[in-house]
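Have a look at the structure below, then the notes.
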């Protein structure tokens, strides 16, 4: 997309690199990242944390010393060299479960947000563009969904759907759709009024051509921010559902589920709460920092020109 | 003068000493107060004859009376409740119960033998599903007849030693004929009209069950308490928190505390409570449905039986408070139980488990080379979910991959009763009496009330029936030994993991509360009082 390349080119120029003479795209990317880190140090920290999360999730089979469900050890062992995060109430290695839990959290977070935010965004953009009765009716639907407290809505959905990881993803996606729809709708409304869209319509472009070539590309920045921020939200809601016993089944390695088991042994084995809790907090912290930095970067002055 | 003063002093001292000793020996019961207790789940349906969970029996214990019951002052003895006396015919096949006069139902209607006949006609009806009372009585009782309005006779099919303890059980309570006629069944709170020391006052689902004192109870002067409140507390952390905060007076129900929890409680309440360990005549079972794949295949059932590490389950989930492997516990039934030395050498139980696990893997691979996926049910009460996860972890080693499906307590029992499951990862069954035949009548015979896996082995039915009828103790013992060996070496639907024990406590202000061999027979609270 046009303005993205412009952005990269602009940054490269500012960094003093002639794009035509770039030794390799990799060098450009690294220096872009370097710029990013200097401009948004907090965002860089967030980025590192998120990268660590992604690496842990992808490399879980190699990193985790034991299986997530192997109850082969002595129960309630405190952290030691052999079990850096101790063992839980039936003798599973907490470190392994935290590592596998990263995979579950990331999987649930990414997939539910991908579905929920994307669906919501498309819904919001399309109904905003066409306006009229369709827009009005769908916004009333969004109103109803947004009026329900999110965790309550998620709990009811899980009670109906039944406990499984895929149902958690479905419930979270349903949760995320309305807000995404509303946010992207307002973005689409403002783009709809802009001069280049008017010009395109005047030149005879069909509605769908305008949507795909003008509205969607200009909503991408907001979409990216929405996406990043909602991953953190989805991870927290999944943890809350599992904590309440209505998320992933109890033997899955879910950070929230580990917290439930930990509350039953707070005095005997506080490490069972500490480490999954730390994992959740760190993940959300990192994602929020990164999301804030991306939002700052995609400031209006960069989003404007299409040329 | 000094002599008489000295004498007076001596008399005073002796008198004081004697009265102090007397006071300690014979503390007078104090009237008043509400006993606070808890129940581990919402009972749901309140019909004492059709339901089987402890939560139901607990909710109704003080409301109803039986013909006989376990003496609240000494629960090892059976004494009359609604029957003031009873006689056994010389051939042991007829029991005559002479009923008390002047007993009234909680709604004021008079009690008579017609109510007893209506009760047992209901329970013994072949089409009526009564997993507790019915399971025990149906094999033994031929008919129930009314003599005059104050006499009832039971005709047995054969002289049956366990009959008296079965009739005395908390599950074989007498209900009102006019209430059965009015409501059809007893599932609703409004139908809870009994003759017991307490009236059913209130049932707020998910919250509390309340009893109030029956002022017209047929034993004058009882009960001492004004009422009993059972808070519905689901989940051990909530129960433990209530105990630590002093919001309940006793813990003498299921699930028992584990050692770490008992220690936490002692730390919180110190000298105010008495903490003790006890067995609860309850067996921890794993069920497989014998009419659905994969467990309709006996090889798969044998594989599960071999692979389950009973010792690990008892060590981790009961914190060692239990007797692994046994089908009958020597602590509860004496020498009717197979000696533990023999039991612990049997396949499935023997350690180390390498040979058994290898054999189990081979059995699974023979039919499912890539392993098999199974849906595993568990009720989310007590420590069941932890047990379930450990069971599934053990079965993963032999290629059986279980996905856990959790149920709320009453919903789970409904599912089990209907047979809508493939595998139940854990379910405790508490015995109704201390008779060795109980576990077979409740779980292992074809007609057993908790034979949810629909297992049918004619040899088990035959041995159980012969043992029930056998009057000679030594021969009866041999029959029960043969029965245990047959089940432990076979492929039953229900795998015995072990007998459950645990820790309990009593608030020291509670007086005259005695525990019984089973968990069902000490919760009427009719002779219990609270000191200030």
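The values are calculated or read from the model by the stated rules, or taken from the named source; none is laboratory data. Note that the structure is predicted; figures quoted are calculated from it, not measured. Methodologically, a virtual Cβ is constructed for each residue, glycine included, from the backbone with ideal geometry; neighbour enumeration extends over all protein chains shown.
Considering (1) surrounded by 16 or more Cβ atoms within 10 Å (Cβ to Cβ); (2) under 16 Å from residue A:177 (Cβ atoms); (3) within 14 Å of chain B (Cβ to nearest Cβ), say which one residue A:90 fails and leave the rest. For residue A:90, the exception is condition (2). Test residue B:236 against the criterion of being within 14 Å of another protein chain (Cβ to nearest Cβ) and more than 30 Å from residue B:367 (Cβ to Cβ), and give yes or no. For residue B:236, the condition - within 14 Å of another protein chain (Cβ to nearest Cβ) and more than 30 Å from residue B:367 (Cβ to Cβ) - is met. Here is the figure for region B:245-259: residues that are crowded, with 17+ Cβ neighbours inside 10 Å and within 14 Å of chain A (Cβ to nearest Cβ) total 3.
Just wondering, is there one or more residues in region A:147-154 that are under 21 Å from residue A:246 (Cβ atoms), away from every other protein chain (no Cβ under 14 Å) and buried (at least 19 other Cβ atoms within 10 Å of the Cβ)? Yes, that holds for at least one residue. Checked against the criterion of being surrounded by fewer than 22 Cβ atoms within 10 Å (Cβ to Cβ) and either closer than 30 Å to residue A:217 by Cα or in contact with a strand residue (DSSP E or B) (Cβ under 9 Å, 6 or more places away or on another chain) (or both), the candidates A:141, A:113 yield just one match: A:141. Test residue B:412 against the stated conditions and say whether it is surrounded by fewer than 18 Cβ atoms within 10 Å (Cβ to Cβ) and either away from every other protein chain (no Cβ under 14 Å) or in a helix (DSSP H, G or I) (or both). So residue B:412 does not fit the description; no. In region B:309-399, counting only helices (runs of 4 or more DSSP H) that sit wholly within it, the ones holding 3 or more residues that are more than 14 Å from every other protein chain (Cβ to nearest Cβ) and over 17 Å from residue B:494 (Cβ atoms) span B:330-333, B:340-343, B:354-367. Those residues that are more than 26 Å from residue B:377 (Cα to Cα) and under 18 Å from the mean Cα position of the chain (by Cα), I need them from region B:424-468; list them, please. Correct list: B:433, B:434, B:435, B:436, B:437. Screening residue B:456 with (1) modelled with pLDDT of 95 or more; (2) in contact with a helix residue (DSSP H, G or I) (Cβ under 6 Å, 6 or more places away or on another chain); (3) not in a strand (DSSP E or B) gives one miss only, at (2). The residues of region B:286-319 that are over 28 Å from the mean Cα position of the chain (by Cα) and under 17 Å from residue B:387 (Cβ atoms) amount to a single one, B:307. Among the residues of region B:29-68, which ones are part of a loop (DSSP other than H, G, I, E, B) and closer than 19 Å to residue B:111 by Cβ? Residues satisfying the conditions are B:48, B:49, B:61, B:62, B:63, B:64, B:66, B:67. The residue list A:95, A:51 contains one member that is in a helix (DSSP H, G or I), surrounded by fewer than 18 Cβ atoms within 10 Å (Cβ to Cβ) and at pLDDT 90 or above, which is A:51.
Conditions tested, residue by residue: (1) surrounded by 22 or more Cβ atoms within 10 Å (Cβ to Cβ); (2) closer than 23 Å to residue B:443 by Cβ; (3) touching a residue at least 24 places away in the same chain (Cβ under 8 Å).
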site: B:351; (1), (2), (3): no, no, yes
site: B:362; (1), (2), (3): no, no, no
site: B:378; (1), (2), (3): yes, yes, yes
site: B:418; (1), (2), (3): no, yes, no
site: B:422; (1), (2), (3): no, yes, yes
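For region B:466-475, the criterion of being closer than 24 Å to residue B:279 by Cα and either out of contact with any strand residue (DSSP E or B) (no Cβ under 6 Å at 6 or more places or on another chain) or part of a strand (DSSP E or B) (or both) is met by no residue.
Okay, residues lined up against (1) touching a residue at least 40 places away in the same chain (Cβ under 8 Å); (2) over 29 Å from residue B:405 (Cβ atoms); (3) under 17 Å from the mean Cα position of the chain (by Cα):
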position: A:206; (1), (2), (3): no, yes, no
position: A:209; (1), (2), (3): no, yes, no
position: A:212; (1), (2), (3): no, yes, no
position: A:215; (1), (2), (3): yes, yes, no
position: A:235; (1), (2), (3): yes, no, yes
position: A:249; (1), (2), (3): yes, no, no
position: A:259; (1), (2), (3): no, no, no
position: A:265; (1), (2), (3): yes, no, no
position: A:286; (1), (2), (3): yes, yes, yes
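If only residues of region A:160-169 that are surrounded by fewer than 21 Cβ atoms within 10 Å (Cβ to Cβ) and in contact (Cβ under 8 Å) with a residue 40 or more places away in the chain are counted, the one that is farthest from residue A:216 (Cα to Cα) is A:164. Among the residues of region B:238-260, is any more than 26 Å from residue B:502 (Cβ to Cβ) and in contact with a helix residue (DSSP H, G or I) (Cβ under 6 Å, 6 or more places away or on another chain)? So far as region B:238-260 goes, no, none of its residues is more than 26 Å from residue B:502 (Cβ to Cβ) and in contact with a helix residue (DSSP H, G or I) (Cβ under 6 Å, 6 or more places away or on another chain).
For region B:415-444, filtering for residues that are in a helix (DSSP H, G or I), more than 12 Å from residue B:52 (Cβ to Cβ) and out of contact with any helix residue (DSSP H, G or I) (no Cβ under 6 Å at 6 or more places or on another chain) leaves 4.
Exactly one residue out of A:157, A:145 is in a helix (DSSP H, G or I) and either within 30 Å of residue A:251 (Cα to Cα) or touching a residue at least 60 places away in the same chain (Cβ under 8 Å) (or both): that is A:157. Against the definition (touching a residue at least 60 places away in the same chain (Cβ under 8 Å) and more than 25 Å from the chain's Cα centre (by Cα)), how does residue A:84 come out, yes or no? No. Any residue that is more than 19 Å from the chain's Cα centre (by Cα), within 14 Å of another protein chain (Cβ to nearest Cβ) and touching a residue at least 40 places away in the same chain (Cβ under 8 Å) - is there at least one of those in region A:95-118? Checked region A:95-118: at least one residue is more than 19 Å from the chain's Cα centre (by Cα), within 14 Å of another protein chain (Cβ to nearest Cβ) and touching a residue at least 40 places away in the same chain (Cβ under 8 Å). Of note, residue B:286 satisfies the criterion of being closer than 30 Å to residue B:371 by Cα and outside any loop (DSSP other than H, G, I, E, B). Per this entry, residue B:313 is not counted among residues that are surrounded by 17 or more Cβ atoms within 10 Å (Cβ to Cβ) and under 25 Å from residue B:482 (Cα atoms). Looking at the structure I just gave you, is residue A:136 within 25 Å of the chain's Cα centre (by Cα) and either more than 30 Å from residue A:270 (Cα to Cα) or assigned to a helix (DSSP H, G or I) (or both)? No, not satisfied. Residues in region B:327-336: is at least one under 25 Å from residue A:89 (Cβ atoms), modelled with pLDDT of 95 or more and touching a helix residue (DSSP H, G or I) at 6+ places or on another chain (Cβ under 6 Å)? No.
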